[in-house]
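Novice: The structure that follows is given in the form of structure tokens.
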Amino acid sequence: MSDHIVSAFTEELERLSADILRMGGIVEEMIVDSCRAVLHNDLELAADVIERDPQVDRMEAEVERQIVSLIARRQPMAHDLRSVFAALKVSGELERIGDLSKNIGKRALNLDAAVFPAMRSGVARMAGPVSRQLHQVLNAYASGNAAEAKAVWETDDEIDQHYNALFREMLTYMIEDPRSISDGAHMLFMAKNLERIGDHCTNIAEFVFFQITGENLVQQDRPKL
Amino acid sequence: MDDTLGNGTTMEKGVLPDAPETSVRMSCRNINVFYGEKQAIYDVSLQIADRSVTALIGPSGCGKSTFLRCLNRMNDTIEGCRVEGEIMMEGKDINSPVIDPVLLRSRVGMVFQKPNPFPKSIYENIAYGPRIHGLAQGREDMDEIVEKSLRRAGLWEEVKDRLNLAGTSLSGGQQQRLCIARAIAVRPEVILMDEPCSALDPIATARIEELIDDLRKRYCIIIVTHSMQQAARVSQRTAFFHLGALVEVGDTDQIFTSPRDRRTEDYITGRFG
Ligand SMILES: Nc1ncnc2c1ncn2[C@@H]1O[C@H](COP(=O)(O)OP(=O)(O)OP(=O)(O)O)[C@@H](O)[C@H]1O
Ligand SMILES: [Mg+2]
């Protein structure tokens with residue numbers, strides 16, 4: 001797309017999307033690191049993830065501030081309007097993902113060091129596909145690729161299936177050895193958090209798709225696996 | 001076909017997709033306008049909905065005013081200007097020789113960029129049109145027309161005690177509302193407005209916009225504006241003109257959130273075309 005006649009407007013929109021991408025990068029690492037902390041019982045890493053959350057909150061507030069000011073001064077239209085709307089919504093979704101990752105980090109601190117390694121790796125296994133979802137949708141955002149955003153949106157069911165499988169697996173451990181129930185409950189919440197992060201990625205995909213195409217992805221279009 | 005509105009681009013002839021449930025007040029087909037040798041409007045077809053506001057937008061010189069003037073044959077008054085094509089209103093082509101342009105202009109009123117009250121009293125500004133068209137039976141009837149027109153234009157309370165003052169003694173915003181009242185007084189069906197707020201401050205502009213929103217319940221309004229925000233605020237449909245051609249027409253919401261044509265996008269977002 002060509003530049004605005006008012007070049008500062010182009011710069012402001014570019015800064016906005018750069019901030020979103022930076023926020024997305026931090027949040028993506030939070031997902032990976034929180035699950036790595038679970039896998040390796042790395043308490044330091046878990047604490048570190050928790051400490052990153054306020055930064056994400058501040059970035060969201062800063063994005064909101066930029067957007068309010070931009071709307072007041074520039075009254076964006078058409079693609080610009082959709083970009084600003086998407087940035088606002090996406091930053092909110094990213095903030096939620098940050099919270100959920102922080103929550104995984106907090107639970108990691110409370111796990112029994114002797115928890116079944118298989119339980120730890122179960123959660124860590126789910127982190128891969130979830131963080132890839134986020135990575136891919138951020139790529140779609142950065143490159144303006146509607147097909148890629150739609151692809152993320154279409155694969156959300158895979159995350160749900162991961163979650164359901166993991167849920168059953170955890171229940172099996174808990175039934176086998178009641179001493180694992182406390183850790184198992186933590187693990188189930190972590191898995192649930194990852195599943196919800198997947199949902200947030202789907203929401204982001206919808207906003208990115210709308211920004212690029214001006215059209216809404218509608219529920220009926222989503223293939224049910 | 002004539003009582004449906006085409007959505008989307010009008011680039012393909014004869015294609016009028018998605019007909020919303022609005023009736024068409026004026027139907028323009030293949031309009032070409034020339035100033036001498038120079039062509040200013042190229043093959044424009046546009047359906048104009050009744051009881052709604054249609055905004056015409058586009059860069060300076062793209063032909064908005066020229067097109068607007070076709071709708072009440074004001075181009076007739078311009079030396080060397082020639083209009084081709086069909087403009088149907090109530091089953092008649094307004095360019096046909098049987099149509100009296102003076103009568104047409106009372107039914108298709110016009111409000112200009114610069115308020116232009118006659119150098120007469122406020123009362124006379126309103127009464128003039130109804131008088132020459134024989135719309136009033138005596139003084140009482142005329143008083144009523146004057147009051148009703150001024151009320152509809154949202155000016156009555158401000159001027160009711162000074163109807164004998166010169167129209168030109170009013171503020172710019174009041175003068176513009178006076179001109180709208182004057183246009184309304186002859187009971188038009190269509191009101192054309194060419195940048196009616198460009199000489200007004202934000203408060204006076206807001207009052208005119210409020211008035212337009214009220215008038216559209218009764219009239220078909222077509223407004224030319226350079227303000228994207230104004231077009232978005234007051235109109236239900238928006239038509240984008242570029243280099244004398246109609247590039248895109250659609251629901252205002254759609255034009256300002258998801259225009260279909262790249263040229264529309266570039267214009268409304270303030271980009272280099
Ligand atoms: N009376 C005239 N004689 C000759 N050419 C004219 C006349 N009026 C307009 N034109 C030409 O016709 C084209 C369209 O002009 P028009 O005034 O309709 O544009 P516009 O879209 O209303 O522009 P603006 O936004 O600046 O009012 C321009 O190239 C203009 O120079
Ligand atoms: Mg003009």
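The values are calculated or read from the model by the stated rules, or taken from the named source; none is laboratory data. Everything numeric in this text was worked out from a predicted model, so none of it was measured. When we count neighbours, we look across all protein chains shown, and the Cβ atoms used for this are built from the backbone with ideal geometry, even at glycine. When the accessible area is computed, the model is the full protein with side chains, heavy atoms only, and any ligands, DNA or RNA have been set aside. Shrake-Rupley method; radii C 1.70, N 1.55, O 1.52, S 1.80 Å.
Novice: Which of the residues spanning segment B:56-91 are within 11 Å of ligand 2 (Cβ to nearest atom) and open to solvent by 30 Å² or more (accessible area, probe 1.4 Å)?
Specialist: Of everything in segment B:56-91, those that are within 11 Å of ligand 2 (Cβ to nearest atom) and open to solvent by 30 Å² or more (accessible area, probe 1.4 Å) turn out to be B:Pro59, B:Ser60, B:Gly61, B:Ser65, B:Arg69.
Novice: While we're here: Exactly one of (1) among the polar types (S, T, N, Q); (2) more than 16 Å from ligand 2 (Cβ to nearest atom); (3) free of Cβ contacts under 8 Å to residues at least 60 places away in the same chain is unmet by B:Ser27. Its number?
Specialist: Among (1) among the polar types (S, T, N, Q); (2) more than 16 Å from ligand 2 (Cβ to nearest atom); (3) free of Cβ contacts under 8 Å to residues at least 60 places away in the same chain, the lone unmet condition for B:Ser27 is (3).
Novice: A follow-up question, please. Restricting the first residue to segment B:142-167 and requiring it to be β-branched (Val, Ile, Thr), which pairs with a second residue that is modelled with pLDDT under 95 and surrounded by fewer than 19 Cβ atoms within 10 Å (Cβ to Cβ) meet a Cβ separation below 7 Å and a spacing of at least six or different chains?
Specialist: B:Ile145/B:Leu135; B:Ile145/B:Ala136
Novice: Report yes if B:Met193 is within 11 Å of chain A (Cβ to nearest Cβ) and touching a residue at least 24 places away in the same chain (Cβ under 8 Å), otherwise no.
Specialist: Working: within 11 Å of chain A (Cβ to nearest Cβ): no; touching a residue at least 24 places away in the same chain (Cβ under 8 Å): yes.
It is false that B:Met193 is within 11 Å of chain A (Cβ to nearest Cβ) and touching a residue at least 24 places away in the same chain (Cβ under 8 Å).
Novice: A further question follows. Determine the pairs where a residue that is modelled with pLDDT of 80 or more, located within segment A:201-225, has a partner that is of a type in the set (A, V, I, L, M, F, W, C) and not in a helix (DSSP H, G or I) with Cβ atoms under 7 Å apart, the partner being 6 or more residues away or on another chain.
Specialist: Between residues of segment A:201-225 that are modelled with pLDDT of 80 or more and residues that are of a type in the set (A, V, I, L, M, F, W, C) and not in a helix (DSSP H, G or I), the close pairs are A:Glu206/A:Leu217; A:Phe209/A:Leu217.
A quick yes/no check of all residues on (1) more than 14 Å from every other protein chain (Cβ to nearest Cβ); (2) buried (at least 17 other Cβ atoms within 10 Å of the Cβ); (3) within 19 Å of A:Asn193 (Cα to Cα):
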residue	(1), (2), (3)
A:Asp33	yes, yes, yes
A:Ala61	yes, no, no
A:Leu70	no, yes, no
A:Ile97	yes, yes, yes
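Novice: Separate question: When you look at A:Arg74, is it within 14 Å of another protein chain (Cβ to nearest Cβ) and open to solvent by 50 Å² or more (accessible area, probe 1.4 Å), yes or no?
Specialist: On the way: within 14 Å of another protein chain (Cβ to nearest Cβ): yes; open to solvent by 50 Å² or more (accessible area, probe 1.4 Å): yes.
Criteria met by A:Arg74.
Novice: If you don't mind, there's one more thing I want to ask. Could you pull out the residue among A:Ser143, A:Ser131, A:Ser180 that is away from every other protein chain (no Cβ under 14 Å), open to solvent by less than 30 Å² (accessible area, probe 1.4 Å) and more than 19 Å from A:Leu100 (Cβ to Cβ)?
Specialist: Numbers: A:Ser143 fails: open to solvent by less than 30 Å² (accessible area, probe 1.4 Å); A:Ser131 fails: more than 19 Å from A:Leu100 (Cβ to Cβ).
After ruling out the rest, the residue left standing is A:Ser180.
Novice: Report yes if B:Leu46 is within 24 Å of B:Glu265 (Cα to Cα) and part of a helix (DSSP H, G or I), otherwise no.
Specialist: Working: within 24 Å of B:Glu265 (Cα to Cα): yes; part of a helix (DSSP H, G or I): no.
For B:Leu46, the condition - within 24 Å of B:Glu265 (Cα to Cα) and part of a helix (DSSP H, G or I) - is not met.
Novice: Taking only segment A:139-182 into account, find how many residues are over 20 Å from A:Ala118 (Cβ atoms) and of a type outside the set (D, E, K, R).
Specialist: At the first step, the residues of segment A:139-182 found to be over 20 Å from A:Ala118 (Cβ atoms) are A:139-160.
This time we only want the ones that are of a type outside the set (D, E, K, R), so: A:139-147, A:149, A:151-153, A:155, A:159.
Looking only at that region, the number is 15.
Novice: Pick from segment B:244-270 the residues that are more than 9 Å from chain A (Cβ to nearest Cβ) and assigned to a loop (DSSP other than H, G, I, E, B): which of them is least open to solvent (accessible area, probe 1.4 Å)?
Specialist: The extreme case among them is B:Gly244.
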